[in-house]
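One structure below.
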Amino acid sequence: MQRLNLLIALLCCGNISAQISGSAFAGARSAGLSHATVAVTHGLSGLHNQATTALLEKSVGAVSYQNRYFLNQLNLGHASLALVKNWGTISVNGTYFGGALYQQSKFGLAYARKFGSYFAMGLQVNYENSYVQEGRNLKAATFEFGLITQPTDALKIGFHIYNPNRSVFD
């Protein structure tokens, strides 16, 4: 019985998601935090939660690249550029995964804004592409929405939703 309870606890505590976007694995800092970065503000935070870019103090750009197991088919790259203005933050984000046989890419344009000292909101529109060498080139338009609040200096609470309209590849 204890083993069953342990198995249930391990399954429930993991990253449960109907769709896992490659953006969830962007950057070494994210990996060091077990990819639990919806409330962390850094150069690639626009890939995790668009609202966090509203908390940036200056414009920033960042690039991340992984080549897992030295296989070209498992290349994973990310790029993010956030321009901070007094009326909000505009960011451009991109993700690429794959090699010659299979590729996935996502490019997004986001806007984030602070509302007072403790709350920020962000929205991103994405163009996603999935390619398989056998001739399938699938496209979809999705969007992402993020919220972040900082009730105290030591606590940030982040919320991120991806593809709430349930877009599918056509």
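Assorted remarks:
- On the range 85-170, 62 percent of the accessible area sits on carbon and sulfur atoms, based on a 1.4 Å probe.
- Inter-part distance where the range 72-113 and the range 122-170 are each reduced to a Cα centre, Å: 11
- Pairwise FRET efficiency - F169 versus F115, Cβ, R0 = 22 Å, nearest 0.05: 0.05
- Spacing of the modelled spin labels on Y65 and W87, each 7 Å from Cα toward Cβ, amounts to 3.7 nm.
- Accessible area per residue in Å² at 1.4 Å probe, computed on the range 76-170: 59
- For the range 53-108, the Kirkwood hydrodynamic radius comes to 12.6 Å, computed from all pairs of different C-alpha atoms.
- Potential extension, F159-N75 segment - 0.36 nm per residue separation minus Cα distance: 27.4 nm
- The modelled label-to-label distance for the pair A100/R136, using points 7 Å beyond Cα in the direction of Cβ, is 2.1 nm.
- Restriction of the GluC sites (Glu not before Pro) in the range 119-157 to DSSP coil positions whose beta-carbon has at most 15 other beta-carbons within 10 angstrom yields E134.
- 20 Å Cα-Cα threshold exceeded, pairs from K114/K156; K85/K156; K85/K106; K58/K85: K85/K156; K85/K106
- Charged side chains reduced to their Cβ positions (Lys and Arg at +1, Asp and Glu at -1) give the range 30-146 a dipole of some 160 debye around its Cα centre.
The values are calculated or read from the model by the stated rules, or taken from the named source; none is laboratory data. No experiment lies behind these values; they were computed from the predicted model shown. Every residue, glycine among them, receives a Cβ derived from its backbone with ideal geometry; neighbour counts consider all protein chains shown. With ligands, DNA and RNA removed, areas are computed over all heavy atoms of the protein, side chains included. Shrake-Rupley method; radii C 1.70, N 1.55, O 1.52, S 1.80 Å.
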